[in-house]
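Just so you know, all these numbers are worked out from the coordinates, no wet-lab data involved. Just so it is clear, the structure is predicted and the values come from calculations on it, not from any experiment.
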Amino acid sequence: MTSPESQSPAPQPPEPDSKDRVYRSVPAIAGGALLLAIAGWLGIDAVVSGEGRTPWMALAVLILIVPLVAAFTLRPAVYAGDDRLRIRNPFRVIVVPWGQVAALKSSYSNEVLTESGAKYQLWAVPVSLRARKKAARREMRATAQARREMGRDEGRGSALGMRAGLGSGPGQGLAGGPVSDGPARAETDRIMDELRGLHEARRRAETAQGEVTVRWAYEVMGPAVAGAVLVLILVVVG
């Protein structure tokens, strides 16, 4: 018999093979950083150089707007894992197991619908109608170019066949047009396609079941409310 000291330790659980996919809006992050830089520059200048109640008002406005700007620009993100979808919106964090996802809708906004009928917007994946139109135009140009090249190849094949005294049967003498990688899609539409594919692959997994959880972002709401109260007091006091 082996003593307890000589027994091998229990095997550790394997590490997950993949990490969450993270989706964020780069234009929103860039715009938020610019707005925060401008607000900080103006606000700090008013605090340092202002007179009377101006520094206090500038400080209160900064406390109000900095959390709001960060919440709507820097904070939103979507984390897609093998078992659940985590949505970080301006004022809430929603965790939806794939088994609870009923559909992923994309019209004028991108949304996830749960089996219970709840609807949550994906702030980090905004819809751009302009990008959709650009993708549609790009797809039309690619289709027209492929048809033109196919027509030239067919004409070249027919001419060679006639010179050789052979018929240009179907598929003979054709060089073939360029192979398409699929229809052109806007960036956010491609992201939604990826999420739908992940949902379809994982929604029946045992580890992808559970309840939807929603947590309010008090770390954002608290400072914003405090700033609003300070601004109101300063305005009333006059």
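Provide the gained length on full extension for the span residue 237 to residue 86, in nm with one decimal, where the gain is 0.36 nm per separating residue minus the Cα-Cα distance.
On the way: separation 151, 0.36 × 151 = 54.36 nm, distance 4.37 nm.
Using 0.36 nm per residue and subtracting the Cα-Cα distance, I get 50.0 nm.
Please list 3J(HN,Hα) in residue order for segment 30-41, calculated via the Karplus relation 6.51 cos²θ - 1.76 cosθ + 1.60 where θ = phi - 60°; whole Hz, with x for glycine and proline.
Result, ordered by residue: 5, x, x, 4, 5, 5, 5, 5, 5, 5, x, 5 Hz.
What list of whole percents do you get for P(r) of segment 35-96, with Cα-Cα distances grouped in 5 Å bins up to the one holding the largest distance?
4, 17, 19, 14, 11, 10, 8, 7, 5, 3, 1, 0
Can you compute 3J(HN,Hα) from phi for each residue in segment 106-111, using the Karplus curve 6.51 cos²θ - 1.76 cosθ + 1.60 with θ = phi - 60°, rounded to whole Hz and x for Gly and Pro?
With coefficients 6.51, -1.76 and 1.60, one gets 9, 10, 8, 8, 9, 9 Hz.
If each residue of separation counts as 0.36 nm, what is the full-extension length gain between residue 205 and residue 93 once their alpha-carbon separation is subtracted? Intermediate results must be reported in sequence, preceding the final value.
Details: separation 112, 0.36 × 112 = 40.32 nm, distance 2.30 nm.
My answer for the length gained is 38.0 nm.
Amide H neighbours of residue 124 under 5 Å, counting only residues 5+ apart in sequence or on other chains, H built in-plane at 1.01 Å?
77
Over segment 69-130, calculate the relative contact order: mean separation of alpha carbon pairs under 8 Å at least 6 apart, over the residue count, as a percent. Don't skip to the answer; put the middle values down first.
Details: 103 pairs, mean separation 16.1, N = 62.
Rounded, it is 26 percent for segment 69-130.
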